[in-house]
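The values are calculated or read from the model by the stated rules, or taken from the named source; none is laboratory data. Quick caveat: nothing in here was measured; it's all calculated off a predicted structure. When we count neighbours, we look across all protein chains shown, and the Cβ atoms used for this are built from the backbone with ideal geometry, even at glycine.
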Amino acid sequence: MKVLFYNHTGMVSGAERVMQMILIGLDRRQFEPVVVCPPESPMLALAQDSRARTRTLNQLEARFTWRLDRIAKYLSSFSGVIRDARRIVIEESPALIHANSIRAGLVMSAATIGLDVPVIWHAHDILPHHPLSTAVRLFAALTSTNRILAVSEAVARRFRGIVLRPFTRRVPIDVIRNAVDLDRFQPNAANGAEVRAELNIYAQQPVVGIIGQLTPRKGQLELVQSFARVVSEIPDATLLIVGRALFNRDEEYAAELMRAAEALGIADRIHFLGSRDDVPRIIQALDVLVVNSHEEPFALTVLEGLASGRAVIATAVGGTPEMIQHGLNGWLVKAKANSELASGILTLLRDANLRAELGCEARRVAVARFSIDRFLSEVNTLYEHALQRGAMPRPNSLNSLEVKLSAD
């Protein structure tokens, strides 16, 4: 049974890593994957590495914006991509389409009008408060072949909004939370010691880290500002910033981070490591992993920190509270609250026993709730129900995490 996977961008980030997880774990005896994505791109290479047949389609240029000139440009991009996507769908004749973003869902739902092909929109992002979001919801309700796969309850709630409340049956929204590779991300003191040695950080030196694309919504600047207070109270504390700017407008942000570190007098306490292909080792070297995002649908970095048995401090936004219960398997703070973030980091750095307790429970929760086997089982079940046009039972919710953690 052929499943056509469509990724609207050639860039590789969290959503593409999740799709790769599905491609690698897909039961090839039951499903034949075909990946459609932009040519000569990292995404194309990723798909080929996942042993999937590929087709190419020009990258979709579309973003939420208030500028009418850009909206016109984006509509033109949609028109061309939809036309070419329809041709590919007709040629491939898939039983099911897995569109790996909301924008990909829009393309494939438009491209399959009249073809009666089920389309799963994999919603990795929280819809912004924007008039176009209402248009997206209304378009999803135009046909009964659409099904929304949300990565968290937070994403599902925002996608449904008020508009789709009357259309629960017509536009089912299923929640399947992401998974983490429990073998790749696990506690490993030896790896952590090696990384510290490579960076000339001594064994007992307090190390804090943040990992992700350098962009304002990830909150690296607020962390740098907060870290100035940490250093004032723990002078030998060190901050590792892992990641790079992926888009031109973020290059200025990356430069701003460095300027802020200099202005605050803590540049010697911060390592800007750029992109790394050894993220598991970096996490294993940390005392505290920070996820300081302004908004997060369901951050893979949080899962990776939990699986690595680290003390994770994260903003209580989006799907993050569905992974972390404050004080039990991690530490939650308000977004954009620098004083609270600094206090939380200081609390964790000063209490090794607390860090150990949080890390131990974090690993247990990751193993119990976020395994790849669990994830793939739920995805396979979703495919079966989408093909049958049936209603899929919702996966167990983590909204009652605080009750279930102590019961496991």
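For segment 190-215, which residues satisfy the criterion of being touching a Phe, Trp or Tyr at 6+ places or on another chain (Cβ under 7 Å) and of a type in the set (S, T, N, Q)?
Of everything in segment 190-215, just one residue is touching a Phe, Trp or Tyr at 6+ places or on another chain (Cβ under 7 Å) and of a type in the set (S, T, N, Q), namely 215.
Just to be sure I understand, how many residues within segment 270-287 are crowded, with 17+ Cβ neighbours inside 10 Å and assigned to a loop (DSSP other than H, G, I, E, B)?
3
Can we say residue 188 is under 24 Å from residue 370 (Cβ atoms) and of a type outside the set (Phe, Trp, Tyr)? Walk me through how you get there before you give the answer.
Numbers: under 24 Å from residue 370 (Cβ atoms): yes; of a type outside the set (Phe, Trp, Tyr): yes.
Judged against the criteria, residue 188 is a match.
Just wondering, is there one or more residues in segment 10-25 that are under 21 Å from the mean Cα position of the chain (by Cα) and basic (Lys, Arg)? Before the answer, list the steps.
Looking only at segment 10-25, we keep the residues that are under 21 Å from the mean Cα position of the chain (by Cα), and these are 10-25.
Retained after the next criterion (residues that are basic (Lys, Arg)): 17.
Checked segment 10-25: at least one residue is under 21 Å from the mean Cα position of the chain (by Cα) and basic (Lys, Arg).
Give segment 23-43 a look and list any residue that's touching a Ser or Thr at 6+ places or on another chain (Cβ under 6 Å) and more than 22 Å from residue 380 (Cβ to Cβ), or say none.
39 - this is the single residue of segment 23-43 that is touching a Ser or Thr at 6+ places or on another chain (Cβ under 6 Å) and more than 22 Å from residue 380 (Cβ to Cβ).
Examine segment 338-348 for a residue that is more than 25 Å from residue 215 (Cα to Cα), modelled with pLDDT of 95 or more and outside the structural domain of residue 122 (by TED's automatic domain parsing), and state whether such a residue exists. First the steps, then the outcome.
Going through segment 338-348, the residues more than 25 Å from residue 215 (Cα to Cα) turn out to be 347-348.
Narrowing the set further to residues that are modelled with pLDDT of 95 or more leaves 347-348.
From what's left, outside the structural domain of residue 122 (by TED's automatic domain parsing): 347-348.
Taking every residue of segment 338-348 in turn, at least one turns out to be more than 25 Å from residue 215 (Cα to Cα), modelled with pLDDT of 95 or more and outside the structural domain of residue 122 (by TED's automatic domain parsing).
Kindly provide the set of residues from segment 133-164 that are among the small types (Gly, Ala, Ser) and without any contact (Cβ under 8 Å) to a residue 12 or more places away in the chain, ordered by number. Outline the logic, then answer.
Taking segment 133-164 first, the residues among the small types (Gly, Ala, Ser) are 133, 135, 140-141, 144, 150, 152, 154, 156, 161.
Correct list: 135 only.
Could you tell me whether residue 299 is within 20 Å of residue 241 (Cβ to Cβ), among the hydrophobic types (A, V, I, L, M, F, W, C), in contact with an Asp or Glu (Cβ under 9 Å, 6 or more places away or on another chain) and in the same structural domain as residue 240 (by TED's automatic domain parsing)? First the steps, then the outcome.
Values: within 20 Å of residue 241 (Cβ to Cβ): yes; among the hydrophobic types (A, V, I, L, M, F, W, C): yes; in contact with an Asp or Glu (Cβ under 9 Å, 6 or more places away or on another chain): no; in the same structural domain as residue 240 (by TED's automatic domain parsing): yes.
Against the criterion (within 20 Å of residue 241 (Cβ to Cβ), among the hydrophobic types (A, V, I, L, M, F, W, C), in contact with an Asp or Glu (Cβ under 9 Å, 6 or more places away or on another chain) and in the same structural domain as residue 240 (by TED's automatic domain parsing)), residue 299 does not qualify.
Among the helices (runs of 4 or more DSSP H) confined wholly to segment 176-267, which include 3 or more residues that are buried (at least 22 other Cβ atoms within 10 Å of the Cβ)? Let's see the steps before the verdict.
Values: elements: 189-198, 220-233, 248-263.
Where helices (runs of 4 or more DSSP H) fall fully within segment 176-267 and carry at least 3 residues being buried (at least 22 other Cβ atoms within 10 Å of the Cβ), they are 220-233.
Among 30, 48, which is among the polar types (S, T, N, Q), surrounded by fewer than 18 Cβ atoms within 10 Å (Cβ to Cβ) and either touching a residue at least 24 places away in the same chain (Cβ under 8 Å) or in contact with a helix residue (DSSP H, G or I) (Cβ under 8 Å, 6 or more places away or on another chain) (or both)? Show your work before the answer.
Details: 48 fails: either touching a residue at least 24 places away in the same chain (Cβ under 8 Å) or in contact with a helix residue (DSSP H, G or I) (Cβ under 8 Å, 6 or more places away or on another chain) (or both).
Exactly one of 30, 48 is among the polar types (S, T, N, Q), surrounded by fewer than 18 Cβ atoms within 10 Å (Cβ to Cβ) and either touching a residue at least 24 places away in the same chain (Cβ under 8 Å) or in contact with a helix residue (DSSP H, G or I) (Cβ under 8 Å, 6 or more places away or on another chain) (or both), namely 30.
Filtering segment 142-170 down to residues that are crowded, with 23+ Cβ neighbours inside 10 Å and part of a loop (DSSP other than H, G, I, E, B), which residue is farthest from the chain's Cα centre (by Cα)?
My answer is 152.
Do you know which residues across segment 342-385 are of a type in the set (A, V, I, L, M) and touching a Ser or Thr at 6+ places or on another chain (Cβ under 9 Å)?
So the first thing to find is which residues in segment 342-385 are of a type in the set (A, V, I, L, M), and the list is 342, 345-346, 348-349, 352, 354, 356, 358, 362, 365-368, 372, 376, 379, 382.
342, 345, 354, 362, 366 - these are the residues of segment 342-385 that are of a type in the set (A, V, I, L, M) and touching a Ser or Thr at 6+ places or on another chain (Cβ under 9 Å).
Taking into account only those residues within segment 161-214 that are at pLDDT below 95 and among the charged types (D, E, K, R), which is nearest to residue 355 (Cα to Cα)?
165
Tell me which of these residue 145 doesn't satisfy, since it passes every other one: (1) touching a strand residue (DSSP E or B) at 6+ places or on another chain (Cβ under 7 Å); (2) modelled with pLDDT under 95; (3) within 21 Å of residue 77 (Cα to Cα).
Single failed check for residue 145: (3).
Is there a residue being β-branched (Val, Ile, Thr) and more than 20 Å from the chain's Cα centre (by Cα) anywhere in segment 256-271? Talk me through it step by step, then tell me what you get.
Step one: of segment 256-271, the residues β-branched (Val, Ile, Thr) are 266, 270.
With more than 20 Å from the chain's Cα centre (by Cα) added as a condition, the list becomes 266, 270.
Taking every residue of segment 256-271 in turn, at least one turns out to be β-branched (Val, Ile, Thr) and more than 20 Å from the chain's Cα centre (by Cα).
Restricting to segment 307-347, and then to whatever is of a type in the set (Val, Ile, Thr) and crowded, with 21+ Cβ neighbours inside 10 Å, can you tell me which residue is farthest from the chain's Cα centre (by Cα)? Step through it out loud before you land on a result.
Taking segment 307-347 and keeping what is of a type in the set (Val, Ile, Thr), we get 312-313, 315, 317, 320, 324, 333, 345, 347.
From what's left, crowded, with 21+ Cβ neighbours inside 10 Å: 312-313, 315, 317, 320, 324, 333, 345.
Details: 312: 16, 313: 17, 315: 14, 317: 13, 320: 11, 324: 15, 333: 19, 345: 23 Å.
The selected residue is 345.
From the residues in segment 91-137 that are among the hydroxyl-bearing types (Ser, Thr, Tyr) and more than 16 Å from residue 60 (Cα to Cα), which one is farthest from the chain's Cα centre (by Cα)?
Looking only at segment 91-137, we keep the residues that are among the hydroxyl-bearing types (Ser, Thr, Tyr), and these are 93, 101, 109, 112, 133-134.
If we keep only those that are more than 16 Å from residue 60 (Cα to Cα) too, we end up with 93, 112, 133-134.
Working: 93: 30, 112: 27, 133: 20, 134: 23 Å.
Looking at the filtered set, the residue picked out is 93.
Can you pull out the residues in segment 107-132 that are free of Cβ contacts under 8 Å to residues at least 40 places away in the same chain and either under 23 Å from residue 91 (Cα atoms) or surrounded by 23 or more Cβ atoms within 10 Å (Cβ to Cβ) (or both)? Steps first, answer last, please.
Quick first cut of segment 107-132, residues free of Cβ contacts under 8 Å to residues at least 40 places away in the same chain only: 109-117, 119, 121, 127, 129, 131.
109, 110, 111, 112, 113, 114, 115, 116, 117, 119, 121, listed by residue number.
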